[in-house]
Amino acid sequence: MKRIYRTFQGKEVDMDQLLQKNETMPAVGNIRVNARGDELGPDGKVIKTREEVLSEYYDEDPNLVSDDEISLTKVKIARKNQVVLEKTTETSATTETTDQIVRQKNKEIK
């Protein structure tokens, strides 16, 4: 989807084209990067591309969680919520903990 805006004077400005045209220009500020995100050296030349910077960050991040862990956690939460909802609709005065209910439902599934 193109982002074309019309100015008050009736001129059309294509923001995507403007961004592509100026992506190698140094960004304003005290961080030495261009508009694309590439790191720049003192002479304004690209030292590291945006892709290299991102890959270094994600390779070194100790708190990064894998996609498998996220999907497994989502499944566990969904199962617990579903089981609790089923149990509370059956009887409103239950004293069983969520873990006990999950174990019971897992036994029924097996």
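Scanning residues 5 or more positions from residue 27 or on other chains, those with amide H under 5 Å from its amide H are 33, 34, 35, with H placed 1.01 Å from N in the peptide plane. For the stretch 50-58, backbone phi angles converted through the Karplus equation (6.51, -1.76, 1.60; θ = phi - 60°) give residue-by-residue couplings of 4, 5, 5, 4, 5, 5, 4, 4, 6 Hz, Gly and Pro being listed as x. Positive-end ranking of 33, 22, 49 along the dipole of the stretch 4-60, with charges on Cβ about the Cα centre, is headed by 22.
For the stretch 4-60, the dipole from Cβ point charges (+1 on Lys and Arg, -1 on Asp and Glu) about the Cα centre works out to 420 debye, to the nearest 20.
For residue 38, the residues whose modelled amide H falls within less than 5 Å of its own, excluding neighbours fewer than 5 places apart on the same chain, are 50.
Throughout, read-outs are computed from the coordinates displayed, never taken from laboratory work. A quick note: this is a predicted structure, and the numbers were derived from the prediction, not measured. Cβ sites come from the backbone with ideal geometry, for glycine too, and all protein chains shown count toward neighbours.
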